[in-house]
Structure formats: C-alpha cells, structure tokens
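Structure first, then comments.
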Amino acid sequence: MEEEMVKMGEKKFRGKQLFSWVYRKMETDISRYSDFSASFRAALQDKYVVELPAIAREEEASDQTRKWLFQLPDENRIESVFIPEENRGTLCVSSQCGCTLSCKFCHTGTQKLMRNLSASEIVGQLLAARLQLHDYPSPLKKAQVSNVVFMGQGEPLYNFRNVKKALLLMLDDNGCAISKSRVTLSTSGIVPLIEKVAELDVCLAISLHAPTNALRSEIMAVNKLYPLEDLLAACRKFITPRRITFQYVLLKGVNDSPAEAKELARILKGINSNVNIIPFNPWPGSNYECSSPERVSEFYQTLRDLGQLTTIRTARGDDILAACGQLKSAEQVKTQLLNLKAKEELHVMPPSPAI
C-alpha cells in the first residue's frame, strides 16, 4: 500500500493509514477516510473499491454458534463459522470453494472444487464476521474474534500462496492483530508444504483420523499420495515450541477400537502433540455413525493411559450444520436433501406391474 501511495503522488505513510482504515477500522466507504483530503479520497474512489464478501444467509445455533453463507462476486458461495466460548471466540474460515480431497466422512468433501479463494476473500471472512459481531478490538476492548482456524471448506495447503497472504494480513499488528499463537492451519497432510507452515509460526493441525495406511487410505484418498510414514516424518521435522494437534474423527465401528487407540499412541510417540478426538457429526447422506459416548471415553482413556495428551472436542453448531465436517454451501445441501428424498420416494413406490 505504501508503494501504491507513492505512485499516486502521496507520502509513504499514507499507506499505513489506508491499511488501518481497511483492516483495523474495517471501513469500506472510502469517503469516510477522514484523515485523507477530499481530493485524495476522490482519487482513491476512482481507482479502488473496498468490499467484503456479501452475506447471503446467517444462521445461529442453539448454543450461539453463528454460521455465515458468503456470496462471492462470481456467484460461488462459501461458509464461515463463529464459535463463542467463555475465554475466546474462534472463527473457522474457508480457503477454497469446495474441495478436491473427498474424505468420506466430510460433508465438504462431497462438494466439487470450484476454485481457490483469493487472499482478500479469505481475510474478508474475518472482517465481515467482525462487522456482524460489532467487534472493534482496541487496547481497551477485548476482541470477540480472538482465534482463527483454517478448518472450513478446502485444503489450505493446496492454496498456500493466498492463505499465506491472508495470514500475514490477519497477523499484522496494524491490521487484524490476531496473535500467531491463536491461529491454527489445518491440513489433511500435504507433506511437501508442511515445513512452510513452520515459517509462518502459527499452530499446525493434522487431519489424521486413522492409525494405519490401510484404514487411512480407505477414508482419506490423500493418504495414497502422502502415506502415514511420510506425513509423520514431516511432523517430526516440524520445529516449533507449540504442540501439533492431530485431529481424529471417531467413526462407529471404523476407527474407534482400543486397538486403534493403542496404535495411534504408538505412531505418535516422540512427537510433541495433542490428539483432538472429534465425535462424528452426521450430515445428509453420510454413511457413518457417531461412536457411543462409552466408546469415545474408552478411546480417550486408552490414549491417556499410554501417555498421549488427548482432548475431546465438544460439538458446536451441529443443529445448523456448522460443526466439524458439516460445512457445505447451502444450495448444494438443499439439492442433496431433495435428491435423498426422491430416492426414498422411489424406494417406497410399489413395483411396476409385470408386462
């Protein structure tokens, strides 16, 4: 921005002022940039537009989780989720419109990849959420959105260039001012780019979900490209003072046995890590069920007894399909539900008379 200001015949410091208007004050109306002259504001308006993703729909769950469906200029749509808690507020952002990974337990994986999101579309989700929440952080006012997790639609490392740009804007003290320790980038395990996350000094989460190659390849096709041994080797080289979080969705009768818990503890031994157990959140058309509370507790305790730091994630926003693994653009969900209903109606129709 400083370079652009100089090109427009202004002083370099105007770039910092403009950056603050956009990313800290979140003002989209250039005519309100009061520390700029009227003539300069007019020049900016002639050349630039400041806009955020348009909100097509907003939903609030019974637990106060909020989900926004954003309409992009090209008619594509993405979702973001805000999860309020007592000591923090977490915004889950998307990095792609759709996904290529097709993980069998993930709703987003059933949505065709349309394209990568631009850096502005990614950071725009944070700015739009803050505006909706009337969240204007200052030294005297704690931010409502204190944490950002890249766990929405898409694989962040398949759009790393734009994710990195967005992250730098989110982390800038003159802009969104999110702390590095409060940003988590989640990946299914794109091994060649994991070391790049270390350069950003943010938290890393790995979508693991199985302790063996055979099982992981069955439910996550990406494992055929980047098998467990390569993924875990990359994690062991990931030098950071922060623990790596290994996310593990428990699927009834698939990956939730004590034996699989023991194998998980074995393969993670020596890695500074936390296993985050996620009870499966059902979605329309899914073929999996959530493990029983007793099985979840048994899996958790087995890991703990073997010395593996483990937590259980509480489902949030599942009544509006905003929980982990449930995100998918609303129109595609509606179409999916209609298709399911049509199949059910066909199934119960009486057989045609013999000819």
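The values are calculated or read from the model by the stated rules, or taken from the named source; none is laboratory data. As the structure is a computational prediction, the values presented were derived from the model and not from experiment. So basically every Cβ, Gly included, is an ideal-geometry build from the backbone, and we count neighbours across all protein chains shown. These area figures cover heavy atoms from the full protein model, side chains too; ligands, DNA and RNA do not enter into them. Shrake-Rupley method; radii C 1.70, N 1.55, O 1.52, S 1.80 Å.
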Built amide H within the under 5 Å cut-off of ALA54, gap 5+: GLN71
What are the residues whose amide H is under 5 Å from the amide H of ILE178, where those residues sit 5 or more places off or on another chain and H is modelled from the backbone? LEU171, ASP172
When the helix-only estimate is applied to the chain (DSSP H runs of n ≥ 4, each -39,500 (n - 2.57), divided by the residue count), what is the mean residue ellipticity at 222 nm, nearest 500 deg cm²/dmol? -10500 deg cm²/dmol
Accessible-area order (highest first, 1.4 angstrom probe) of the listed residues ASP172, ASP305: ASP305, ASP172
With every protein chain present, what accessible area does VAL6 have (1.4 Å probe, heavy atoms only), rounded to the nearest 10 Å²? 80 Å²
For region 111-159 and region 225-257, compute the distance between their C-alpha centroids and round to whole Å. 25 Å
Under a crude label model (7 Å from the Cα following the beta-carbon direction), how far is ILE267 from ALA198 in nanometres? 2.1 nm
Sites LEU168 and ASP305, calculated FRET efficiency, Cβ-Cβ separation with R0 45 Å, nearest 0.05: 0.60
Of the listed values [x] 1.42; [y] 2.07; [z] 1.10, grab the one calculated as Cα Rg over 2.2 N^0.38 Å from the structure here. [z]
As I understand it, the dipole of the chain uses +1 on the Cβ of Lys and Arg and -1 on the Cβ of Asp and Glu, about the Cα centre. Which of GLY152, PHE238, PRO258 lies farthest toward its positive end? PHE238
How many percent of the accessible area of region 1-68 is carbon or sulfur, using a 1.4 Å probe? 45 percent
Any chance you could run the full-extension gain for ARG236 through PHE13? It's 0.36 nm times the residue separation minus the Cα-Cα distance, nm to one decimal. 76.0 nm
Does region 27-147 come out rounded, prolate or oblate by the C-alpha gyration tensor, with a ≥ b ≥ c the root eigenvalues, rounded set by a/c under 1.5 and, if not, prolate when a/b is larger than b/c and oblate if not? oblate
Can you compute the charge dipole magnitude of region 1-159 about its Cα centre, using +1 on each Lys and Arg Cβ and -1 on each Asp and Glu Cβ, nothing else charged? Give it in debye, rounded to the nearest 20. 340 debye
Note down the relative contact order for the chain as a percent, whole number, built from C-alpha pairs under 8 angstrom at least six residues apart. 14 percent
